[in-house]
Structures are given as C-alpha cells and as structure tokens.
1. Can you find a residue in segment 107-123 that is part of a strand (DSSP E or B), under 20 Å from the mean Cα position of the chain (by Cα), away from the ligand (no atom under 12 Å from the Cβ) and buried (at least 20 other Cβ atoms within 10 Å of the Cβ)?
2. Identify all residues within segment 198-220 that are within 13 Å of the ligand (Cβ to nearest atom) and at positive phi; write none if there are none.
3. Looking only at segment 78-94, how many residues end up being out of contact with any strand residue (DSSP E or B) (no Cβ under 6 Å at 6 or more places or on another chain) and crowded, with 16+ Cβ neighbours inside 10 Å?
4. For segment 152-162: of the residues being surrounded by 18 or more Cβ atoms within 10 Å (Cβ to Cβ) and part of a helix (DSSP H, G or I), which is farthest from the ligand (Cβ to nearest atom)?
5. Of the residues 180, 137, which single one is within 12 Å of the ligand (Cβ to nearest atom), surrounded by 19 or more Cβ atoms within 10 Å (Cβ to Cβ), at pLDDT 95 or above and not in a helix (DSSP H, G or I)?
6. Only one of these is at pLDDT 95 or above and at positive phi: 17, 93. Name it.
7. Of the residues 19, 13, only one is within 16 Å of the chain's Cα centre (by Cα), within 19 Å of residue 181 (Cα to Cα) and assigned to a loop (DSSP other than H, G, I, E, B); which?
8. Given the conditions (1) more than 16 Å from the ligand (Cβ to nearest atom); (2) without any contact (Cβ under 8 Å) to a residue 60 or more places away in the chain; (3) outside any helix (DSSP H, G or I); (4) out of contact with any helix residue (DSSP H, G or I) (no Cβ under 6 Å at 6 or more places or on another chain), which single one is not true for residue 149?
Ligand code: NDP
C-alpha cells in the first residue's frame with residue numbers, strides 16, 4: 001500500500017521547479033493532487049497529464065498567490081473536487097533578492113503577500129477540510145537560519161514569518177492531530193536559482209557536498225512529512241541544504 005493511498009493533496013505553485021517535483025512525488029505515493037500556478041498554464045497542463053498517467057487524479061488551478069481570495073477559493077475547489085483534503089503544501093514563493101536600497105515598499109508588500117499571506121490564507125481554509133492525520137508542510141529557506149549573502153532582507157523576513165506561523169499552527173492544531181512542519185531548502189536548481197546563474201558558484205562553494213540540490217531532494221522530505229511515518233513530528237524545521245548551514 002502506498003503511503004498516501006486515497007489521500008488528497010493541495011500544492012501551491014506546482015507548475016515548475018520544487019512545486020512540480022512535490023506534485024509528482026505525492027502522486028507517486030498515491031495521492032490525488034491539486035496544484036496552483038500563476039502563469040505557466042501549458043506546463044501545468046503537461047504536469048496534470050503526467051500525474052494522471054500515474055493512476056491518480058490531478059487538477060491544475062490558476063490562482064495568483066498575491067490574491068488571498070483566489071488562494072482560498074482554490075483550496076475549496078480542490079477539497080470539493082476530491083471530496084476531502086489531507087495534505088497542504090505551501091510551496092509558491094518569490095525571491096525579490098536585492099540590496100536594501102533597491103527594495104521598495106511595493107516589493108515588501110508583494111513578497112509578504114505571496115510568501116506569507118497566501119500561506120496563512122491557504123492554511124486557514126485547508127484546516128476546515130482536514131480530519132485527524134492532516135498535514136501542512138511549508139517551504140522556507142536555509143536563509144532563515146544563516147544569511148550567507150546580502151540582499152535577503154525581504155526574502156528572509158518572509159520565510160522567518162512562516163517559520164513562526166508553522167510553530168503557532170503546530171501548537172494550535174495539535175489537538176486535532178494535524179501536523180505542521182517546514183522544510184528549509186538550500187540551493188536547488190530551478191528557474192528561481194539556476195545552478196549556472198549569477199551567484200551559483202558561491203552558493204555551491206559553501207555547501208558541504210559541493211553541489212546544488214535537485215527539486216526531488218526537497219520533494220522527498222515533503223513526502224515523508226506528508227505521510228504516516230511523521231505522526232510524532234510537528235512544529236519542526238528540516239534543513240535540506242547540502243550542508244550549507246553547518
Ligand atoms: P520557481 O521560481 O522555480 O517556481 C515557482 C513556482 O511558484 C512556479 O510554479 C510558479 O508558478 C509559482 N508561483 C510563483 N509566484 C506565484 C504566485 N504569485 N501565485 C501562484 N503561483 C506562483 O521557484 P522554486 O521552485 O525554486 O521555489 C519553490 C519554493 O522553494 C519557494 O517558496 C522558494 O522560496 C523556495 N526555495 C527555493 C530555493 C531554491 O534554491 N530554488 C531555496 C530555498 C527555498 P508559474 O509557473 O505559473 O509562474
């Protein structure tokens with residue numbers, strides 16, 4: 001029996017990168033998976049076909065995380081479509097990595113809307129559909145614990161906020177046996193942080209393993225936290241960074 005057999009999962013930002021790997025991994029574990037995207041309609045449709053080929057249901061929903069009402073509606077749509085919701089993965093995120101003097105207040109609002117408010121909105125609605133055994137997994141960053149280069153004011157602030165939210169919700173939802181955890185990736189080869197992009201040599205050089213990670217490395221941890229073997233783990237952060245922060 002697969003770990004997530006007959007369960008339903010909702011992933012924000014599932015069309016590319018880490019989110020797409022999470023969608024596939026949860027589907028491989030037997031879950032029906034709904035995911036949101038902002039603009040990558042074609043990639044989302046291809047992913048739906050790939051997931052359905054695994055023998056589970058898939059649903060792609062266009063929902064901009066800057067709009068909390070769109071996020072909440074997407075969660076409700078997924079729960080109605082599958083008839084249940086067991087796993088929420090708050091993955092969608094933006095970087096806005098730049099020097100403080102170049103950061104506008106609009107940048108601040110945008111970063112907090114996508115990286116923080118949407119996580120709050122999705123969680124708020126998702127728990128209304130979850131039963132005992134539900135799981136929320138948030139995606140943070142290793143830049144929460146250790147800031148290894150400049151330009152992280154907006155990004156690290158936002159991810160620190162959802163680290164606090166993770167602990168608060170873990171405490172509050174514990175009596176309902178809904179576990180809430182956060183995964184902190186290090187450098188992962190995606191459009192956001194390509195392994196051949198500017199600054200990639202430095203990021204690689206400060207890992208212990210001397211290499212970028214792959215989206216699948218994060219998806220594996222997320223799948224573990226979404227599954228039954230994580231039943232005694234909540235409010236915890238898991239750094240998957242190739243040894244960047246040691
Ligand atoms: P990518 O930029 O490669 O992919 C981002 C995904 O999120 C896409 O599916 C995109 O949708 C979606 N997305 C972005 N903005 C919105 C929005 N406003 N509304 C809805 N969906 C949106 O990012 P990664 O895969 O690299 O990052 C995923 C998560 O991992 C983020 O939270 C990021 O902060 C975190 N992370 C990444 C690291 C890395 O090195 N890559 C390191 C540490 C953390 P669309 O395709 O439609 O644009």
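1. no
2. Residue satisfying the conditions is 199 alone.
3. Number satisfying all stated conditions: 4.
4. That would be 153.
5. 137
6. 17
7. 13 is the lone residue from the list that is within 16 Å of the chain's Cα centre (by Cα), within 19 Å of residue 181 (Cα to Cα) and assigned to a loop (DSSP other than H, G, I, E, B).
8. (1) is the only condition that residue 149 fails.
The values are calculated or read from the model by the stated rules, or taken from the named source; none is laboratory data. Note that the structure is predicted; figures quoted are calculated from it, not measured. FYI the Cβ positions are ideal-geometry reconstructions off the backbone, even for glycines, and counts take in every protein chain you see.
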